[in-house]
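What follows is a short report on a single structure.
The values are calculated or read from the model by the stated rules, or taken from the named source; none is laboratory data. Since this is a predicted model, take the numbers as computed values, not measurements. Positions of Cβ are generated from backbone atoms using ideal geometry, with glycine treated the same way; all protein chains shown enter the neighbour counts.
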Amino acid sequence: MSAVTTLIGRHSPPGDRSGLGIVVILLLLTLLAAAVLLSLVSGPTGVGLKDLLAYIAGDIGNLDAQDRIILEAVRLPRTALGLLVGAGLGISGAMMQGLFRNPLADPGIVGVTSGAAFAAVCAIVLGGTVLAPLQSLFGHQFLPLMAFAGGLANTLLLYAIATRNGQTSTTALILSGIAIGAMSAAATGLLIFIADDRALRDITFWSLGSLGGATYAKVLAILPFILLVLASLPFVARGLDALVLGDAAAFHMGVPVQRLKRLSILAVAAACGATVAVAGSISFVGIVVPHLLRLAIGPSHRFLLPASAIGGAGLLLIADSIARTIAAPAELPIGIITAILGAPVFLILLLGRNGRAAMEGL
């Protein structure tokens, strides 16, 4: 540790955490690699670590036919989906916290999650009746497409309400998000009330989140959205840093504030909508991971955004591995695991001095 500290201090001016940010990202990448290996070997039936490493090295014949099917058709797409979903949730949380200038802001504040949940429940409850033509048209992609469309629709409605004369008010975004989220939740509750037993079981499992049923088709469906969000990071990092000083100060520093807000909101909508569409509602990843990393490496979004993507992916893979093994051969919804892991950490942060200051800013 002293060698790392010396290296950071030698190349960074006082107060600069760039060296620390690089070190933390490298550590997170190492942990992510371990989480990937854990995800690939976790489950009620077995591909051992030794066999997996041999497979990665090219010794495919080391696995029997059944283990290869499990690895290639089940665990590889599930791990890839977990990487993308976790990265999307982590980036969304970091962007929202930077946009609202509050380290306790959550992606759900813009109504993406509630809109996606409402649309998904519509697909589950009404898919066999009112929405049957659409379900027959899109097949297995019907639920993910509905969830993404619902999240995007809520976000566009929120942005339209909060924007006047080309100016988007952060306060209006928060208050409108609360109102739209409440209306979506009420509509979701009404659908749950009229749902039958089969639909209720599907709704319960989906609302708690799961990577079960992961396929390469789902991976390819979410991949473009996450790649677009990752591509936007260099364009929003500097602006989010300047936005800490306020809209006016950021504007005078040459930051196109309204364009930055539009790009950030659309990026959050794309990432959250896509993740909710393929994995359901997964809590705490988007708020705890960026907040902890902000405490560790500082508020610079040049490091915070990629670190949040890596940390979110690693946390989700670890939570999914626990969900698959803790009650094997049954599988717990991953949202239960992330809540068990994330809620105590969130409470500790909330009760700290920085947490109390952040609550005063909401």
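List of remarks:
- Selection over region 233-254 of residues that are surrounded by 13 or more Cβ atoms within 10 Å (Cβ to Cβ), farther than 16 Å from Ser300 by Cα and not hydrophobic (A, V, I, L, M, F, W, C) gives a count of 1.
- Selected residue (criterion: nearest to the chain's Cα centre (by Cα)) from residues of region 53-67 that are surrounded by 16 or more Cβ atoms within 10 Å (Cβ to Cβ) and either modelled with pLDDT of 75 or more or assigned to a loop (DSSP other than H, G, I, E, B) (or both): Asp67
- Inside region 37-52, residues that are within 26 Å of the chain's Cα centre (by Cα), in contact (Cβ under 8 Å) with a residue 40 or more places away in the chain and surrounded by fewer than 18 Cβ atoms within 10 Å (Cβ to Cβ) make up a count of 0.
- Search result, residues across region 205-218 that are in contact with a helix residue (DSSP H, G or I) (Cβ under 9 Å, 6 or more places away or on another chain) and part of a helix (DSSP H, G or I): Trp206, Ser207, Tyr216, Ala217, Lys218
- Single unsatisfied condition, Phe138 versus (1) surrounded by fewer than 17 Cβ atoms within 10 Å (Cβ to Cβ); (2) closer than 21 Å to Thr325 by Cβ; (3) of a type outside the set (Lys, Arg): (2)
- For the criterion of being free of Cβ contacts under 8 Å to residues at least 60 places away in the same chain, charged (D, E, K, R) and out of contact with any Asp or Glu (no Cβ under 8 Å at 6 or more places or on another chain), Arg238 fails.
- Subset of region 267-294 [closer than 24 Å to Phe142 by Cβ and either out of contact with any helix residue (DSSP H, G or I) (no Cβ under 6 Å at 6 or more places or on another chain) or not in a helix (DSSP H, G or I) (or both)]: Gly280, Ser281, Ile282
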